[in-house]
Structures are given as structure tokens and as C-alpha cells.
Amino acid sequence: MLTLEHPYALTYVTEAYPPNVKICIENIEPLGITVRQVYEDDKLPYENNSFDIIINRYESFDAYEVSHLLKKDCFFPNHTLDNNVR
């Protein structure tokens with residue numbers, strides 16, 4: 001994520017697994033990146049039409065939720081290892 005060189009103040013991270021949330025808060029938040037813990041794929045803590053791009057690596061996701069968070073004609077690069085997609 002950091003190699004994308006996107007402005008940190010406009011970058012957001014979600015994580016569900018508590019040990020990883022702690023790591024993100026300790027290492028990523030000090031850079032100015034917002035970290036939010038999530039509990040359900042279909043209830044992400046953002047308004048509709050908030051993002052130009054959402055990147056997913058190795059996580060389940062709710063396609064309906066992602067589609068609402070993306071602005072029109074924007075991108076969702078996804079790398080998921082399982083079929084846990086709703």
C-alpha cells in the first residue's frame with residue numbers, strides 16, 4: 001500500500017483481525033493514514049461514493065458494499081485467495 005505513493009491523508013485502511021489492527025495503528029496511523037477496524041464485510045464505515053479506488057488483498061468482501069463505496073467509473077483491483085465473496 002505504501003508503495004503506491006498515494007497521499008497518506010487521503011488513504012484509509014480497514015482491518016478486522018485484532019492483532020493486525022494493533023499493528024496498523026502502531027505503524028500506519030503515525031504516517032497520517034486512517035485505520036478503522038471492521039467487523040462485517042457489508043458494513044464498512046464510509047459514505048457511498050467515497051473512493052476512486054478500493055484495493056483488496058487476501059480478504060473476503062461484499063461486492064454490493066464495495067460498489068456503493070466507489071465513485072462512478074472507478075476501480076476495484078482485487079486479489080482474493082478463496083471464494084468467500086458475497
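Derivation of every value follows stated rules applied to the coordinates shown; laboratory data play no part. Please read all numbers here as calculations on a predicted model, not as lab measurements. A quick note on method: Cβ atoms are made from the backbone with ideal geometry, for glycine too, and the neighbour counts reach across all protein chains shown.
Observations
- Hydrodynamic estimate: the Kirkwood radius of the chain over Cα pairs, inserted into Stokes-Einstein at 20 °C and 1.002 mPa s, corresponds to D of 158 µm²/s.
- The charge dipole of the chain, taken about its Cα centre with unit charges on the Cβ of Lys, Arg, Asp and Glu (plus for the first two, minus for the last two), comes to roughly 80 debye.
- Karplus-based coupling profile of the range 62-68, in residue order and whole Hz: 9, 4, 5, 4, 4, 4, 7, with θ = phi - 60° in 6.51 cos²θ - 1.76 cosθ + 1.60 and x standing for Gly or Pro.
- Spacing of the modelled spin labels on Leu31 and Asn49, each 7 Å from Cα toward Cβ, amounts to 3.0 nm.
- Burial ordering of Glu47, Glu65, Glu29, fewest other beta-carbon atoms within 10 Å first: Glu47, Glu29, Glu65
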